[in-house]
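Each value in this text was obtained by applying a stated rule to the coordinates, not by laboratory testing. Predicted model, so just to flag it, every value in this text is computed and none were measured. Because the Cβ atoms are built from the backbone with ideal geometry, glycine has one as well, and the counts that use them run over all protein chains shown.
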Amino acid sequence: MTDCIFCKMASGEITPDTVYEDDQVLAFRDINPQAPTHVLVIPKQHVATLNDLDEGNAGLVGSMLLAAAKVAEQEGFAEQGYRTVMNCNAWGGQTVFHIHLHLLGGRPMEWPPG
Ligand code: AMP
Ligand code: ZN
């Protein structure tokens, strides 16, 4: 997708503050952090929303979660704990339409979210 900002990050056209990368996913710091550590994990492949995933993407979504756990370890809060979030469409609060997993850590999280 030529007009997708996260595709531009995945292709290297825009350089984010990368904290982890493998053949399937890229993880970088959110530009508007909501916690001491706020990282977004994206697939390098464009998928607009969670609703657009199919069974063939199961491994991809697993890779996103594994990457989040690795970053939590790297950032030093894996044992204390952290929050992962994926927003879908308007009521879920999704604003960038290339799926991404939010990894939030470095402070206690509250529940329920707003
Ligand atoms: P969501 O509202 O779940 O779609 O999350 C989109 C996230 O992308 C927000 O937390 C934004 O702060 C973040 N974001 C948007 N543009 C950028 C960017 N250029 N670099 C890093 N994070 C971004
Ligand atoms: Zn994209």
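Here PHE77 fulfils each of the conditions (1) away from ligand 2 (no atom under 16 Å from the Cβ); (2) at positive phi; (3) free of Cβ contacts under 8 Å to residues at least 60 places away in the same chain apart from (2).
Residues in segment 30-51 that are free of Cβ contacts under 8 Å to residues at least 40 places away in the same chain and surrounded by fewer than 15 Cβ atoms within 10 Å (Cβ to Cβ) were compared, and the one that is farthest from ligand 2 (Cβ to nearest atom) is PRO33.
Among the residues of segment 62-110, those that are among the β-branched types (Val, Ile, Thr) and crowded, with 17+ Cβ neighbours inside 10 Å comprise VAL71, ILE99. Can you say whether THR15 is touching a helix residue (DSSP H, G or I) at 6+ places or on another chain (Cβ under 8 Å), of a type in the set (Ser, Thr, Tyr), more than 25 Å from PRO113 (Cα to Cα) and free of Cβ contacts under 8 Å to residues at least 12 places away in the same chain, as far as the supplied structure shows? Answer is yes for this residue. Return the residues of segment 56-114 that are under 25 Å from GLN24 (Cα atoms), in a helix (DSSP H, G or I) and within 15 Å of ligand 1 (Cβ to nearest atom); say none if nothing qualifies. Passing the criteria: MET64, ALA68, VAL71, ASN89, GLY92.
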